[in-house]
1. Take the cross-link list Lys61/Lys275; Lys61/Lys265; Lys61/Lys351; Lys35/Lys209; Lys61/Lys209; Lys275/Lys351 and give me the ones stretching past 26 Å between alpha-carbons.
2. Tell me the Kirkwood radius of the range 166-365: reciprocal of the mean inverse pair distance over distinct alpha-carbon atoms, in Å.
3. Rounded to two decimal places and with Rh computed the Kirkwood way over Cα pairs, what is Rg over Rh for the range 121-254?
4. Report the Cα centroid-to-centroid distance between the range 193-255 and the range 135-151 in angstrom, as an integer.
5. With the calculation restricted to Cα positions, what are the radius of gyration and Dmax of the range 117-187 in angstrom?
6. Report, to one decimal in Å, the Kirkwood hydrodynamic radius for the range 1-161 based on all distinct Cα pairs.
7. In the range 305-356, how does Rg compare with the Kirkwood Rh, expressed as the Rg/Rh ratio over alpha carbon atoms?
8. To one decimal place, what orientation-averaged projected area in nm² is obtained for the convex hull of the Cα set of the range 65-108?
Amino acid sequence: MPPAVYRPHQPLQRAGSYLAQERVMGVLCGFLRAKLLECQAQGLPTVAAEVIARFVGAGGKRMRPRLCLLGWMSAGGAGDHEAVVRVAAGLELFHAAALIHDDVMDDSADRRGQPTVHRAMTVRHQPDRPAATAARLGRNLAILIGDFALAWSSELLHTACLPQDRLLEVLRLDAAMRTETMYGQYLDLTAEGSPTADIGRAVQIARYKTAAYTVQRPLQIGAAAAGASPALLDALSDYALPLGEAFQFRDDLLGVFGDCVTTGKSALDDLRAGKHTTVLAVALDRAAPADADALRRLLATPGFGVAEAERVRVLLERIGARAEVERLIQERCHRSQRALSAAGLPEPVSKELGRIAQQATVRTS
């Protein structure tokens, strides 16, 4: 059966989240196609537009556009929806920029089942350069390509044709999201290589690196595009922040116990880098001294590989860290559901947000 096609005359409220997201991707692909044609007309390299288009087309959950559209609907968004669809496309492009840069910082090999952008750029330039030079060029080009995505995501918001007062509020929330994401990445990088029993630090990283930019800000930005009140923005935040933390806690578990075929990422990267994740923080907090020492020794093993990773997983299970993080996920999701019940949102929006909260507890990718 061919995929459903979104028709612009269909109200987003009736089209369903899948069709609405299809419209977002249509806008994003059209925008990137226009960028490619601009480059061709000016005799400039087209590689950034081509690579970003492949990257966003390779998969992903499209969670941020989905939440942006639900935020718009929560504030009574109706009528002409082209502006909010463009805003949602901008959020997906910002996400692409963040992932491309994150993969460079982590030196990850795979993303969405494909080579990461810096690895792809390295391979592209290997035939005519020494290996080390090609690798350095690949990383540098990926940073630039991520910068293109970052700049273009901002352009999509600025050209969304929102009323001036709504645009200013959208831009305020967008600026907060960008700043929070960078602080979260800073906290993550500075804690890397030295995981401790500090669960509070792991939660702080989850809140700034993921909760705000994955759930809270996309919802609020969509609502602001429809003229939401401060009270509604606060209610959406009460739902979003615990859910965003649960989302990152699930990522932490998948980074250790996930199937790389399903997740599209290696299950070695987080452990090899010694990421200060909730699962490691909980393990070190709960472990007996002998188990804590064994865990630290394993993580510090030169050439950390598959065998060491399996021994770490056995330790984490025995200590009870995996079960405790599962409990933390459930606790955050229950808190999110309670906030949703108290928010008084339109029934279709409330149901969809409830489904999203439930999915965060069981997802495998």
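1. Numbers: Lys61/Lys275 23 Å; Lys61/Lys265 14 Å; Lys61/Lys351 18 Å; Lys35/Lys209 29 Å; Lys61/Lys209 17 Å; Lys275/Lys351 35 Å.
In this structure, Lys35/Lys209; Lys275/Lys351 exceed 26 Å between Cα atoms.
2. Working: mean 1/r = 0.0563 Å⁻¹.
17.8 Å is the Kirkwood radius here.
3. Values: Rg = 18.7 Å, Rh = 17.2 Å.
Result for the range 121-254 is an Rg/Rh of 1.09.
4. Distance between centres, Cα-based: 26 Å.
5. According to the Cα coordinates of the range 117-187, Rg and Dmax are 17.4, 53 Å.
6. Details: mean 1/r = 0.0597 Å⁻¹.
Averaging 1/r across every pair of different Cα atoms and inverting gives 16.8 Å.
7. Working: Rg = 17.5 Å, Rh = 13.5 Å.
Rg/Rh for the range 305-356 comes to 1.30.
8. Details: hull surface 13.2 nm².
Taking a quarter of the hull surface, the average projection is 3.3 nm².
Coordinate-derived values only; no laboratory data. The structure presented is a predicted model; accordingly, all values stated were derived computationally and were not measured. Please note: Cβ atoms are built from the backbone with ideal geometry, for glycine as well, and neighbour counts cover all protein chains shown.
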